[in-house]
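A short write-up of the structure that comes next.
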Ligand SMILES: NC(=O)c1ccc[n+]([C@@H]2O[C@H](COP(=O)([O-])OP(=O)(O)OC[C@H]3O[C@@H](n4cnc5c(N)ncnc54)[C@H](OP(=O)(O)O)[C@@H]3O)[C@@H](O)[C@H]2O)c1
């Protein structure tokens, strides 16, 4: 009896479906209904996949980060560090460090100055820059430390800085793209760009491209080191560079920006492989800096005592600046003095790097 009912119901459903499909071919109303059903199911599948991936990426990042990016992670990884790697002197080399008045940028500028380099600190605030500069000169005894004032959220200011700096005609051996921020609210710059994008992506892109002629003079030893973030593990590359679609999230936008920096570094390595310039992106781990305290106060409090110092955060930047280039992989992403994966397992972010060419086209059109 039960089987007969089941058969009957199945038969009715199939008949109804056939009738519906027959109607679809003749009635625009039913055709529309079918299209809506397909779109709805497609949208639902996309939503579920998106949710699952986002949750997986965030959880995997949280666990991986807690184990590796904190101070304990640094202390563990540092057991493999070779002290002689940092004993290299770089007198006569010119290093440009952006965002050098604070946190990781300050620690980088100070360490490079203590290795004998001539250091150009690019800071947006003259007073803060001067204070940082005199601290570095007195702690290192190196008088060859200079201040360049530039707000890297503005293309016109970057252009005038680049032309001012180019007139010095000094070769640039090391460019450290460190300046960055995580602005939680959607702020638009006077040039009409979303602020995180303006500094983290467009500023990094424009500074590097405009410095290329000076980097070329320093080839084959020239290198560009971009301070990205492990936060980029949580997101694929997207062409929505200014977060125009959906509800704005500063943390998500920051992660997207940092993903662009990693993909851009890969692209630069490929584009300029014959110019004698090495391109590296890196992740400093989670370091206690004024930037983190301001942008992520809860995170800062939660991990109080477990965060790296700015010097520990800067360690891999300095290592990348000092090592012979033969030891390094251009286009690579580095963490704690070693090449690190650019994608978390099963995170489905790898394929997204295929859109970097169109992103470069967009960035080129904005500079
Ligand atoms: N700390 C971490 O745990 C961590 C983790 C991953 C990645 N990072 C990255 O590390 C880099 C340094 O960050 P931090 O933690 O050391 O933060 P920080 O102490 O706030 O340093 C950021 C630097 O960037 C400068 N800057 C911001 N906007 C600028 C602009 N429009 N023009 C010029 N300079 C600008 C800041 O100048 P002002 O002082 O004038 O604001 C400051 O000197 C950033 O790229 C950040 O994304 C940090």
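Of all the listed residues (242, 261), the sole one being buried (at least 19 other Cβ atoms within 10 Å of the Cβ), touching a residue at least 24 places away in the same chain (Cβ under 8 Å) and part of a loop (DSSP other than H, G, I, E, B) is 242. Restricting attention to region 315-367 and to residues that are over 18 Å from the mean Cα position of the chain (by Cα) and modelled with pLDDT under 95, the residue that is surrounded by the most Cβ atoms within 10 Å (Cβ to Cβ) turns out to be 346. Within region 269-288, being near the ligand (Cβ under 7 Å from one of its atoms), in a loop (DSSP other than H, G, I, E, B) and closer than 23 Å to residue 174 by Cα holds for 284, 285. When the residues of region 185-204 are filtered to those that are under 21 Å from residue 293 (Cα atoms) and within 14 Å of the ligand (Cβ to nearest atom), which remaining residue is surrounded by the fewest Cβ atoms within 10 Å (Cβ to Cβ)? The extreme case among them is 187. Being within 16 Å of the ligand (Cβ to nearest atom) and either part of a helix (DSSP H, G or I) or touching a residue at least 60 places away in the same chain (Cβ under 8 Å) (or both), is that true of even one residue in region 163-172? Yes, there is a match, as at least one residue in region 163-172 is within 16 Å of the ligand (Cβ to nearest atom) and either part of a helix (DSSP H, G or I) or touching a residue at least 60 places away in the same chain (Cβ under 8 Å) (or both). Checked against (1) closer than 22 Å to residue 296 by Cβ; (2) within 12 Å of the ligand (Cβ to nearest atom); (3) assigned to a loop (DSSP other than H, G, I, E, B), residue 151 meets all criteria but (1).
Please work out if residue 101 is at pLDDT below 95, within 16 Å of the ligand (Cβ to nearest atom) and buried (at least 19 other Cβ atoms within 10 Å of the Cβ). No; evaluated as a whole, the condition is false for this residue.
Whether any residue in region 273-282 is without any contact (Cβ under 8 Å) to a residue 60 or more places away in the chain, under 12 Å from the mean Cα position of the chain (by Cα) and closer than 26 Å to residue 50 by Cα is what I want to check. The answer is no; no qualifying residue exists. Would you mention how many residues in region 305-320 are more than 13 Å from the ligand (Cβ to nearest atom) and not in a helix (DSSP H, G or I)? Counting residues in region 305-320 that are more than 13 Å from the ligand (Cβ to nearest atom) and not in a helix (DSSP H, G or I) gives 1.
For residue 92, the requirement of being in the same structural domain as residue 231 (by TED's automatic domain parsing), exposed (fewer than 15 other Cβ atoms within 10 Å of the Cβ), in contact with a strand residue (DSSP E or B) (Cβ under 8 Å, 6 or more places away or on another chain) and within 25 Å of residue 207 (Cα to Cα) is met.
The values are calculated or read from the model by the stated rules, or taken from the named source; none is laboratory data. Remember, predicted model here, so these are calculated numbers, not experimental data. Positions of Cβ are generated from backbone atoms using ideal geometry, with glycine treated the same way; all protein chains shown enter the neighbour counts.
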